[in-house]
1. Which percent, nearest 5, of DSSP beta bridges in region 1-138 are antiparallel?
2. Just tell me, in residue order, which DSSP H segments of the chain are both 24 angstrom or longer along the helix axis (alpha-carbon based) and at least 0.0 in mean Kyte-Doolittle hydropathy.
3. Can you order the peptides 221-234, 421-434 by their average number of other Cβ atoms within 10 Å per residue, highest first?
4. What is region 171-269 by shape, rounded, prolate or oblate, if you read a ≥ b ≥ c off the alpha carbon gyration tensor as root eigenvalues and call it rounded for a/c under 1.5, prolate for a/b larger than b/c, and oblate otherwise?
5. Taking a ≥ b ≥ c as the square roots of the eigenvalues of the Cα gyration tensor of the chain, is the shape rounded (a/c under 1.5), prolate (a/b larger than b/c) or oblate?
6. Chymotrypsin sites (Phe, Trp or Tyr not before Pro) within region 376-471: which are DSSP loop residues with at most 15 other Cβ atoms inside 10 Å?
7. Would you mind getting the accessible area per residue of region 363-475, heavy atoms of the protein chains only, 1.4 Å probe, in Å²?
8. At a 10 angstrom cut-off on C-beta neighbours, averaged per residue, how do the peptides 300-312, 360-372 rank from highest to lowest?
Amino acid sequence: MSKKYDVVVIGAGPAGYIAAIRAAQHGLKTACIDEWQNRDGKYAFGGTCLNAGCIPSKALLESSELYHRAQHEFKKHGISTGDVNMDIAGMQKRRAGIVRQLTGGIAGLFKANKVDGLVGHGKLLTDRQVEFTPVDGEPEIIDAKHVILASGSAPIELPFAKFDGVDIVDSWDALEFDAIPERMGVIGAGVIGLELGSVWARLGSKVTILEAMGDFLFMADRDVASVAGKDFKKQGLDIRLGAKVTSATVTDGVVTVAYDDAQGSQRIEVDKLVVAVGRRPYTDGLFSEDSGIATDGRGFIEVDDECRTRVKEVYAIGDCVRGPMLAHKGSEEGVMVADLIAGELAEVNYNVIPSVIYTAPEIAWVGKTEAEVQQSGRPYKTGSFPFAASGRAKAMEQTTGMVKVIAAEDDDEILGVHIVGPMAGELIGEAVLALEFSASTEDIQRTIHAHPSLSEAVHEAALAADKRALNYMNR
Ligand code: FAD
Ligand code: AMP
């Protein structure tokens with residue numbers, strides 16, 4: 001007899017594992033299938049985010065930032081250390097340890113919440129039947145009342161710069177280098193390209209980032225992008241805009257990268273080339289042809305606003321469906337779908353999803369950019385506050401950047417908040433809550449912020465929108 005579940009989730013990344021836990025918390029009999037295998041041969045829950053994305057990248061960003069600060073900043077604080085050395089094996093051991101702990105934590109959460117974590121491949125057939133093939137066994141059929149597809153995404157490969165796992169690599173490989181490449185090339189100055197470029201540049205690599213677009217960080221507010229772009233240049237990151245890569249060839253471990261820019265055809269030589277040109281939805285072997293699941297022209301599973309596919313009681317969430325490829329977006333979709341299955345009202349507010357780039361300075365925003373507000377035609381006002389005027393930022397020796405608040409002229413509603421500077425990824429939390437509650441700048445103006453804290457910069461930017469900044473000259 002086939003196994004029966006109320007909910008079967010395929011994929012245990014941040015979208016799938018959260019959906020499974022929430023469903024089980026509703027008292028639904030739930031299984032979550034995942035086949036992720038790490039480079040050490042071990043299977044692990046957590047998907048891209050925990051194994052090869054958000055978490056390992058942040059671990060390396062922290063290590064490399066500390067190394068950089070020890071070299072360049074400690075002296076200012078009066079600290080002398082002698083020679084500062086980086087042990088890459090030690091750094092990578094820490095990274096792997098954090099990943100192991102967190103992915104093991106999901107297995108623990110599954111047990112605590114009574115989710116059956118099944119290791120192997122899942123495939124949706126017809127009539128909500130799921131074929132489960134364990135990594136070490138024969139396929140079996142599971143009957144599910146509800147199925148949630150959460151298969152995630154994979155790096156996009158360029159036909160003229162194919163991954164070879166050694167010289168031309170994807171972001172996962174670039175997180176696991178065991179030595180500092182002398183010269184590193186990155187194709188794509190998006191979030192992943194900038195974070196990986198920062199890690200290895202801080203450790204001493206000469207990093208060149210080639211970006212086809214002419215505008216730096218085209219999706220960010222222009223003021224924020226401009227501050228960040230200048231600072232990255234000062235740090236030695238060689239970001240070449242309007243540079244469209246056309247080929248990459250490897251000879252004796254040296255990668256020759258050809259690109260076209262406004263001046264004509266150019267080439268650079270690097271020791272490692274990281275291709276970071278975006279990710280594509282991953283749905284290989286996820287559903288049978290007769291399952292009824294449809295994908296769009298770019299391979300995303302088609303869903304409505306509530307993540308329902310065309311097949312009754314089959315949902316899809318996370319990177320394999322439309323919307324920003326972000327862990328927190330997938331997790332919230334997981335919560336929504338589990339709640340809907342349990343008969344509750346639920347929705348995701350797609351207008352209020354924070355974006356964070358964990359470079360130094362960090363970049364974070366939520367809501368509309370100034371250009372988007374301008375385009376909408378709604379009269380607006382802005383207020384900015386530089387970290388150079390923040391006591392806490394000065395004490396931290398991190399004064400680059402600012403907070404910018406954009407609000408409606410008529411009813412003062414906050415429309416967007418853009419931050420470049422220390423802890424921007426943490427500071428944006430207040431702005432996310434403000435937008436979620438449709439707060440006005442006056443709401444933030446009249447909220448007490450601890451002193452001295454970086455959050456005072458958010459307070460002052462909100463005040464500045466009405467020319468009421470208290471610790472900075474109003475313009
Ligand atoms: P995934 O995390 O990709 O998980 C999908 C899982 O499904 C995988 O484990 C896969 O093995 C499994 N699977 C797929 N098909 C099957 C099948 N048929 N059977 C069994 N198992 C299957 N996002 C952020 O929000 N913040 C960050 O700081 C951030 N940093 C990133 C850094 C890097 C280098 C990268 C690459 C990504 C980063 N992201 C970040 C993006 C984030 O990792 C993804 O948005 C997130 O992992 C998507 O979650 P998901 O659950 O949809 O898919
Ligand atoms: P993201 O989607 O945020 O990961 O960013 C990927 C970046 O790669 C985008 O900014 C693209 O413009 C850039 N890109 C894509 N193809 C090329 C190419 N052939 N040469 C240079 N940059 C590219």
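1. So the antiparallel bridges in region 1-138 amount to around 40 percent.
2. Helices meeting the span and hydropathy rule in the chain are 88-113.
3. Answer by packing, highest mean first, reads 421-434, 221-234.
4. It comes out oblate by the Cα gyration axes.
5. Since a/c reaches 1.5 but b/c is at least a/b, the shape of the chain is classed as oblate.
6. The qualifying sites are F437.
7. Accessible area per residue, region 363-475: 47 Å².
8. Descending mean neighbour count gives 360-372, 300-312.
The values are calculated or read from the model by the stated rules, or taken from the named source; none is laboratory data. Small disclaimer: the values here were computed from a predicted structure and weren't measured. FYI the Cβ positions are ideal-geometry reconstructions off the backbone, even for glycines, and counts take in every protein chain you see. To get the accessible areas, we keep the full protein, side chains included, count just its heavy atoms, and leave off ligands, DNA and RNA. Shrake-Rupley method; radii C 1.70, N 1.55, O 1.52, S 1.80 Å.
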